[in-house]
Amino acid sequence: MALVQLARINGATADIDDAALDKFQSALRGQLIQPGDEGYDEARKIWNGMIDRRPAFIVRCAGISDVIEAVNFARTNHLLTSVRSGGHNIPGNSVCDGGIMIDLSLMKSVRVDAETKTARAESGLTWAEFDHETQAFGLATTGGTVSNTGIAGLTLGGGIGWLSGRFGLTCDNLLSADVVTASGELVKASSTENPDLFWGIRGGGGNFGIVTSFEYQLHPLGPNVVAGMIIHPIENAREVLKFYSEFSRNIPDEMNTIGALVTSPEGHPAVSILACHSGPTEEAEKALKPLREFGSPIADLIGPMTYEQLQTTLLDPVAPPGNQYYLKSQMGGEITEDAIDAIIAEFAKVTSPFSAIMFQQLGNAVNRTARDATAFGHRGALYEWLAMAQWTDPGESEIHIRWAREAVEAMEPFTSSGSYINQMGNEAEEGADRIKASYGPNYERLVALKQKYDPDNIFRLNPNIKPSA
């Protein structure tokens, strides 16, 4: 009888015989893909081209029953398990080496209820797909800033986006979720059903189970927003970032911003301020006026556009799938003059014209929400500060990764509360202390929740919360 070897969660290997494998495969409505099968290499590929891992099995789930079967198979055989939804996570937590990858990317149904302003969406959706459906009804919720980001990972880690100043984080707009726990049980998490789990999945990541669908609160929006970017020469970076710090802390809820040090397509270093105002056009023009009148910009690319255009054209072109990416981030408060000097000095050392240093504003509504309302641990932070290295030649990885790490180390004296877990790798990359700090004061409560819902730590390929036992 033939045996297939898979990686176990304890680092050993498990031998699965043909009979057990056939039984597992026959219980699936979707596909079970192994190395050598047609479509295997495509199925293990994700947005970040730097991730090149080879699962022993990929279960391409067709529905909830497949997710349950896959979780039960993984638990019974103590298999190393990764979970893929949109596949946009930069550290590549969704793909494992030698274990089982549970792939929800084909689960893409979405139903919008225009009367109640809600949407029920399966976990394989990207924000481009979700926004397309909700905007047909003039509705939206806070989503990502790159359209091929998956709804699942963004929501579970918090969800910062262009609408978070007005509507809060993505997870603040979550009404309920269907979750397959480590025991293989499908449960509903909401404010009235399993409220502890509902609290935990709003910022605690994928530590507690596999979410198969999300129910979101939607809000009237559009069709147009006023958005875009202002670009200034790098020589004026200090003055521009000082202005940005003050401007971004005194804007209405309808606006969110990003400040960035970048390289233009022509190869010139530059400083950019990106903004989106989602309110009425007249109010947008008034709120944006100080930004548009400051200094002597190289270009003013702000104007009316549909929300879908914003989501697919502003940042998508500078973050194409398949390139090599490495990102380090920290949460921060006010952008001080010393911080600005440090950041400019680090950007002067940048090793790729595709790389950038950015400040993504969390938003007014995020900061007003109580710290313990959800598991998201950064309500007091004003910005996510990040260094994103991007390049195309895999042979150059070392120099670009080193630049990103050194840039964030230089920023650490000016940061406050750990990292945004949606940008974090696992413990081997980040270290246990850094992960703990990134969950902030909610960490001990999350440990107890992990012990309840995943005591064997099956869902560990993430910024991991270890069970207490």
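The values are calculated or read from the model by the stated rules, or taken from the named source; none is laboratory data. Fair warning: this is a prediction, and the values are worked out from it, not measured in the lab. For neighbour counting, all protein chains shown are included, and Cβ atoms are generated from backbone atoms with ideal geometry for every residue, glycine included. Heads up: the accessible areas ignore ligands, DNA and RNA and are worked out on the full protein's heavy atoms, side chains in. Shrake-Rupley method; radii C 1.70, N 1.55, O 1.52, S 1.80 Å.
Looking across Glu193, Glu185, Glu246, one residue alone is acidic (Asp, Glu), open to solvent by 10 Å² or more (accessible area, probe 1.4 Å) and over 30 Å from Tyr453 (Cα atoms). It is Glu246.
Listed conditions (1) in a loop (DSSP other than H, G, I, E, B); (2) surrounded by fewer than 17 Cβ atoms within 10 Å (Cβ to Cβ); (3) of a type in the set (Asp, Glu) are all met by Asp253, apart from (2). I'd like the residue in the stretch 95-124 that is of a type in the set (D, E, K, R) and free of Cβ contacts under 8 Å to residues at least 60 places away in the same chain and, out of all such residues, is surrounded by the fewest Cβ atoms within 10 Å (Cβ to Cβ). Checking each candidate, the answer is Glu115.
The number of residues in the stretch 416-469 that are aromatic (Phe, Trp, Tyr) and open to solvent by less than 20 Å² (accessible area, probe 1.4 Å) comes to 3.
Only a single item in (1) part of a loop (DSSP other than H, G, I, E, B); (2) surrounded by fewer than 21 Cβ atoms within 10 Å (Cβ to Cβ) is not met by Val146, and it is number (2). For the stretch 37-73, the set of residues classified as assigned to a helix (DSSP H, G or I), open to solvent by less than 30 Å² (accessible area, probe 1.4 Å) and not acidic (Asp, Glu) consists of Tyr40, Ala43, Val67, Ala70, Val71, Phe73, listed by residue number.
Residues in the stretch 344-388 that are surrounded by fewer than 22 Cβ atoms within 10 Å (Cβ to Cβ), in contact with a Gly (Cβ under 8 Å, 6 or more places away or on another chain) and of a type in the set (Gly, Ala, Ser): Ala365, Gly380. Exactly one residue out of Gly49, Gly87, Gly98 is among the small types (Gly, Ala, Ser), on the phi > 0 side of the Ramachandran plot and under 23 Å from the mean Cα position of the chain (by Cα): that is Gly87. Residues of the stretch 194-229 that are within 26 Å of Leu291 (Cα to Cα), in contact with a helix residue (DSSP H, G or I) (Cβ under 6 Å, 6 or more places away or on another chain) and not in a loop (DSSP other than H, G, I, E, B): Val225, Val226, Ala227. A single member of Leu315, Leu301, Leu310 is surrounded by fewer than 16 Cβ atoms within 10 Å (Cβ to Cβ) and either closer than 23 Å to His232 by Cβ or at pLDDT below 95 (or both), and it is Leu301.
Each row is one residue, and each column tells you yes or no for (1) touching a helix residue (DSSP H, G or I) at 6+ places or on another chain (Cβ under 6 Å); (2) at pLDDT 95 or above; (3) within 28 Å of Lys286 (Cα to Cα); (4) not in a loop (DSSP other than H, G, I, E, B).
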residue: Pro297; (1), (2), (3), (4): no, yes, yes, no
residue: Pro320; (1), (2), (3), (4): no, yes, no, no
residue: Tyr325; (1), (2), (3), (4): no, yes, no, yes
residue: Asp338; (1), (2), (3), (4): no, yes, no, yes
residue: Ser352; (1), (2), (3), (4): yes, yes, no, no
residue: Ala375; (1), (2), (3), (4): yes, yes, no, no
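The criterion of being of a type outside the set (S, T, N, Q), closer than 30 Å to Asn194 by Cβ, at pLDDT 95 or above and open to solvent by 10 Å² or more (accessible area, probe 1.4 Å) holds for His219.
Close contacts from the stretch 263-291, counting a first residue that is farther than 23 Å from Gln360 by Cβ and a second that is modelled with pLDDT of 95 or more and open to solvent by less than 10 Å² (accessible area, probe 1.4 Å), with Cβ to Cβ under 8 Å and a gap of 6+ residues or different chains, come to Thr281/Val226; Glu285/Val226. Among the residues of the stretch 222-236, those identified as farther than 26 Å from Gly86 by Cα and surrounded by fewer than 23 Cβ atoms within 10 Å (Cβ to Cβ) are Asn224, Met229, Ile230, Ile231, His232, Pro233, Ile234, Glu235, Asn236. Can you confirm whether the stretch 155-175 contains a residue that is open to solvent by 10 Å² or more (accessible area, probe 1.4 Å), among the charged types (D, E, K, R) and touching a residue at least 40 places away in the same chain (Cβ under 8 Å)? Yes, the stretch 155-175 contains at least one residue that is open to solvent by 10 Å² or more (accessible area, probe 1.4 Å), among the charged types (D, E, K, R) and touching a residue at least 40 places away in the same chain (Cβ under 8 Å).
On inspection, Thr76 fails the criterion of being open to solvent by 40 Å² or more (accessible area, probe 1.4 Å), closer than 24 Å to Thr141 by Cα, of a type in the set (S, T, N, Q) and over 23 Å from the mean Cα position of the chain (by Cα). Can you pull out every residue in the stretch 79-94 that is open to solvent by 10 Å² or more (accessible area, probe 1.4 Å) and assigned to a strand (DSSP E or B)? Scanning the stretch 79-94 gives Val83, Arg84.
Residue pairs whose Cβ atoms lie under 6 Å apart, sitting 6 or more positions apart in sequence or on different chains, and linking a residue in the stretch 1-29 that is outside any strand (DSSP E or B) to a partner that is open to solvent by 80 Å² or more (accessible area, probe 1.4 Å), are Ile9/His78; Asp18/Met1.
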